[in-house]
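Trainee: I'd like to ask some things about the structure below.
The values are calculated or read from the model by the stated rules, or taken from the named source; none is laboratory data. Keep in mind that what you see is a predicted model, and the values were worked out from it rather than measured. Don't worry about glycine lacking a Cβ; one is built from the backbone with ideal geometry, like all the others, and counts go over all protein chains shown. Heads up: the accessible areas ignore ligands, DNA and RNA and are worked out on the full protein's heavy atoms, side chains in. Shrake-Rupley method; radii C 1.70, N 1.55, O 1.52, S 1.80 Å.
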Amino acid sequence: MIWDQLTSAQIGALDKNIPVLLPLTATEQHGGHLPLATDRLIGEHFAHCLHTEMSGTVLILPAINVGCSDHHMDFPGTLSLTHGTFLLVVKEMIVSVLRHGFNKIILLNSHGGNQGIMNVVAEQLGYENPGTHIVTVTWWVLAQEALRKITETGPGGTGHACEFETSLIQLIANHLVDNASIQKGQNMPAFTWAEGDMLRGPAASYYRTFKSKTSNGIYGNPLKASAQKGQQITTTVVHALKQIVIDIYRINEQNL
Ligand SMILES: [Zn+2]
């Protein structure tokens, strides 16, 4: 079910054990070939596909469509909330949901810069609302092992406006992809311990603006992207999300 397509009375009558999913996304540069909406389109796509498979047992909230993107501000068009603002927006939206009686929340994130605050929100909400079950998930981390079987670009190939994100947008909204502008990311190595991508996190993190990490705004290799690969990624991620919904829906039955 889609939260804002139901009536107030319909929400009131729902089983409050149904997990409520909030997509955390962003509006930011994605190289010369993908739209600013990339992370929102991807987050909403996974939520929509999950909903298609299990519409009666998951409730989808409207996406938060601006995230923590200060590190992308060197590129025109990027919109960003400061960490404190983003924390309050996400937290207060979930507090509203809790006030209506729901107690199972999934934060589905599609932007790397949101991860830190997402985890803080979950810790605060969990501490302040005993009995609430909160799951935080970033899609490429959720299915990392299975996604490794899909990638063809090797270390450094996935990251941003990359093999994976380009494949997904080619699947979801190909009319928004400027295929003629697809080029490899200009990944600028810093230190071995700081090297990483979506499938292999770095040993330690080293803060750089995105412009100093890659001058063309792309990290990875979108030349190996395809809509077919986008479908494989979707199947993998949605399968893993489905298990989370099933597991947290059953929590009370299991007295966890
Ligand atoms: Zn992205």
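Trainee: Being of a type in the set (Gly, Ala, Ser), surrounded by fewer than 20 Cβ atoms within 10 Å (Cβ to Cβ) and at pLDDT 95 or above is the requirement here; does Gly116 meet it?
Mentor: Against the criterion (of a type in the set (Gly, Ala, Ser), surrounded by fewer than 20 Cβ atoms within 10 Å (Cβ to Cβ) and at pLDDT 95 or above), Gly116 qualifies.
Trainee: Filter the range 21-60 for residues that are away from the ligand (no atom under 16 Å from the Cβ), out of contact with any strand residue (DSSP E or B) (no Cβ under 8 Å at 6 or more places or on another chain) and of a type in the set (A, V, I, L, M, F, W, C) and give the result.
Mentor: Result: Cys49, Met54.
The rows are residues; the columns are (1) touching a Pro at 6+ places or on another chain (Cβ under 9 Å); (2) open to solvent by 90 Å² or more (accessible area, probe 1.4 Å); (3) among the hydroxyl-bearing types (Ser, Thr, Tyr).
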| residue | (1), (2), (3) |
| --- | --- |
| Trp193 | yes, yes, no |
| Gly201 | no, no, no |
| Tyr206 | no, yes, yes |
| Thr214 | no, no, yes |
| Asn221 | no, no, no |
| Gln228 | no, yes, no |
| Thr236 | no, no, yes |
| Asp247 | no, no, no |
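Trainee: On the basis of being open to solvent by less than 20 Å² (accessible area, probe 1.4 Å) and at pLDDT below 95, does Gly185 make the cut?
Mentor: When the stated conditions are applied, Gly185 does not pass them.
Trainee: To continue, here is another question. Right, Leu107: open to solvent by less than 30 Å² (accessible area, probe 1.4 Å), under 15 Å from the mean Cα position of the chain (by Cα), away from the ligand (no atom under 16 Å from the Cβ) and not basic (Lys, Arg) or not?
Mentor: So Leu107 passes the test.
Trainee: Hey, another quick one. What are the pairs, 6+ residues apart or on separate chains, where a residue within the range 140-152 that is closer than 10 Å to Thr236 by Cα has its Cβ under 7 Å from a residue that is open to solvent by 50 Å² or more (accessible area, probe 1.4 Å)?
Mentor: Listed by first residue and then by second, the contacts come to Ile150/Gln232.
Trainee: Would you check which residues across the range 84-111 are in contact (Cβ under 8 Å) with a residue 60 or more places away in the chain, small (Gly, Ala, Ser) and either touching a helix residue (DSSP H, G or I) at 6+ places or on another chain (Cβ under 6 Å) or at negative phi (or both) and list them?
Mentor: Of everything in the range 84-111, just one residue is in contact (Cβ under 8 Å) with a residue 60 or more places away in the chain, small (Gly, Ala, Ser) and either touching a helix residue (DSSP H, G or I) at 6+ places or on another chain (Cβ under 6 Å) or at negative phi (or both), namely Ser110.
Trainee: Another question, then. Any residue at all in the range 167-174 that is modelled with pLDDT under 95 and buried (at least 21 other Cβ atoms within 10 Å of the Cβ)?
Mentor: no
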